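Input: a single structure, listed below in structure tokens.
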Amino acid sequence: MKNAVQYADIFAALGSESRLEIMRLLFAAYPDALTAGALQEQLKIPHSTLSHHLEKLRVEGLVDVKRDRQFLCYCTNVNTVEDLLSFLYNGCSVGKRATFSSESYESIELVQNILKKENFMLERFLQSIGVWFEGLLNRIALPWGFDRYTQEAIEVIFLAQAETNRLGHQYIGTEQMLIGLIAKETGIAAQLLTSMEANLEQAQRSVEQRIGRGKGTPGEIPWTPRAARTLRLAAEQAQQMGHEHIGTEHLLLGILQEGGGMAIRVLEDLGINLAHLETQLRLKITG
């Protein structure tokens, strides 16, 4: 986790509507990158101004840049965004029932003091950045118990949404959830799936072969009935185990407990023994 001074620099980098809009566009496109030309076309600002904003975001680690032939392409730096999301979720604005530790208060107060020196009010900024994250979250129907999701589980939801966007589908199903669990790379679920040689590209290929591509993703993305049931089962499993949090392990367990979604077929395509997977998952959770 970054210290308060580093957060202050990140907040300052996002202290303009143009930079927030750049981040919104890049986040919506993730995991794909956007060229400067594509960003300029949507933002309608001069190239020199866009370059200045992108460089500031790059310096603070909010965006990554790479060259694709003659084009410079920009992509959200998910690690920095993950840190920022964690900071906001655990201590600032996203979690409506978040608890505040004394350490969180001290960090927030220090950031606020730093930003006030530049006449930049943290409260106004948090309202703006809160709208950004809530806007992303509100594109999908939040599952019951979302305020108890771990940071990694939240990221899985974002990755599932990104996969829906990539395929142009109009829903989030258990298959997108599984892709999110594998793509997250960290957490009990990803570690176990990786140990069983669950490959992201192979999983994506299996999904696309089975259900194909859609014609575009709507503004609000619903869960399929099976995915919604999976999320309820994940919360119920966590509760039965006496866990206050809902992590990636519970999401994977929910997929296995539901037992009939497209994710199950994809796991079978990957050659994974479902009974063995559930046994090993429960051992990791309880061990």
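Here, each number is a calculation from the coordinates, and none is a lab measurement. What you see is a predicted model, and the numbers here were worked out from it, not measured in a lab. Glycine gets a Cβ as well: all are built from the backbone with ideal geometry, and neighbour counts include every protein chain shown.
Would you check which residues across the range 26-85 are crowded, with 17+ Cβ neighbours inside 10 Å, closer than 14 Å to ALA13 by Cβ and more than 22 Å from the chain's Cα centre (by Cα) and list them?
Selection gives HIS53, LYS56.
Output the number of the condition that SER206 fails; it satisfies all remaining conditions of (1) crowded, with 21+ Cβ neighbours inside 10 Å; (2) part of a loop (DSSP other than H, G, I, E, B); (3) among the hydroxyl-bearing types (Ser, Thr, Tyr).
(2)
Which ones in the range 176-203 are touching a residue at least 40 places away in the same chain (Cβ under 8 Å), not small (Gly, Ala, Ser) and not in a helix (DSSP H, G or I)?
Within the range 176-203, MET196, GLU197, ASN199 meet the criteria.
Looking at the range 163-200, which of the residues that are buried (at least 22 other Cβ atoms within 10 Å of the Cβ) and farther than 19 Å from LEU253 by Cα is farthest from the chain's Cα centre (by Cα)?
Across the range 163-200, the extreme among qualifying residues is HIS169.
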